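K.L.:
Here you go, one structure.
The values are calculated or read from the model by the stated rules, or taken from the named source; none is laboratory data. Note that the structure is predicted; figures quoted are calculated from it, not measured. Note that we place each Cβ from the backbone using ideal geometry, even for glycine, and neighbour counts take in every protein chain shown.
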Amino acid sequence: MKFAPNSYPAVMVLVAVLLAGCSATGSSTSSAPAPAAPAATSVAATVPVARTTVSTPESLGGKVKADVDTGNPFAAYDKFGITAKMSAVYGDPKGNDFLVLAAAIAVSKGTAQERFDQFKTELAGDDFKAKSFSAIQPGVLGGLAECGNGVFNGEDSGVCVWSDDTTTGFLVKTRADGLALANTFEFEKFRAEIEKPI
């Protein structure tokens with residue numbers, strides 16, 4: 001997964017992008033009143049929707065998309081039948097705040113696990129040096145999701161990856177910790193702005 005060299009600044013956090021989501025409904029045949037809906041920890045969070053796709057939002061987490069060329073990081077993924085793709089940097093490359101690099105694909109082939117493993121292998125390479133991945137809750141979009149830590153252009157960065165039946169992606173955030181991105185639900189919010197049900 002190669003990005004255009006020297007096209008983005010040193011400070012960025014990697015967050016892996018996994019396939020999205022779900023909603024679950026149920027009904028009761030009992031005459032007794034239905035129990036109250038469960039809290040936000042509902043099992044629905046792990047049930048994926050039928051299909052999703054990806055797009056490039058003009059802003060992510062309140063940060064505007066930067067005018068940065070990320071090249072073509074998906075040349076090795078054509079075998080999965082890419083139907084949509086996005087890669088962008090968010091934030092001010094000339095500022096002192098963190099940046100976010102996001103990249104994701106929607107596909108018609110391959111398993112969620114196969115694409116997930118390939119993304120993680122490439123993120124562990126020289127570009128990001130991502131390691132210490134831990135499984136996290138994927139959120140309402142479902143699928144597989146893990147976060148870890150890496151180094152991007154000399155900056156410690158948080159890295160998250162996700163994948164399911166129709167999408168796979170990652171996020172990198174500079175000056176951040178990967179698990180913190182999950183625990184604060186930042187990963188879920190970023191992903192939901194990129195991945196949408198068809």
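K.L.:
Collect the residues in segment 80-92 that are more than 17 Å from Ala176 (Cβ to Cβ) and either more than 15 Å from the chain's Cα centre (by Cα) or at pLDDT below 95 (or both), keeping them in residue-number order.
P.N.:
Phe80, Gly81, Ile82, Thr83
K.L.:
Next question. Tell me the strands (runs of 3 or more DSSP E) entirely within segment 134-198 that contain at least 2 residues that are under 14 Å from Val54 (Cα atoms), in contact (Cβ under 8 Å) with a residue 60 or more places away in the chain and in contact with a strand residue (DSSP E or B) (Cβ under 6 Å, 6 or more places away or on another chain).
P.N.:
So the answer is 155-163, 167-174, 195-197.
K.L.:
Considering only residues that are out of contact with any Asp or Glu (no Cβ under 6 Å at 6 or more places or on another chain) and crowded, with 19+ Cβ neighbours inside 10 Å, look in segment 143-154 and name the one that is modelled with the lowest pLDDT.
P.N.:
Top of the filtered list is Phe152.
K.L.:
Might you let me know whether segment 120-133 holds any residue that is surrounded by fewer than 18 Cβ atoms within 10 Å (Cβ to Cβ), outside any loop (DSSP other than H, G, I, E, B) and of a type in the set (A, V, I, L, M)?
P.N.:
No, the conditions are met nowhere in segment 120-133.
K.L.:
Determine whether segment 21-35 contains at least one residue that is more than 28 Å from Asp177 (Cβ to Cβ) and modelled with pLDDT of 50 or more.
P.N.:
No: segment 21-35 contains no residue that is more than 28 Å from Asp177 (Cβ to Cβ) and modelled with pLDDT of 50 or more.
K.L.:
Being touching a Cys at 6+ places or on another chain (Cβ under 8 Å) and among the hydroxyl-bearing types (Ser, Thr, Tyr) is the filter here, so list the residues in segment 121-152 that pass it.
P.N.:
Scanning segment 121-152 gives a single hit, Ser134.
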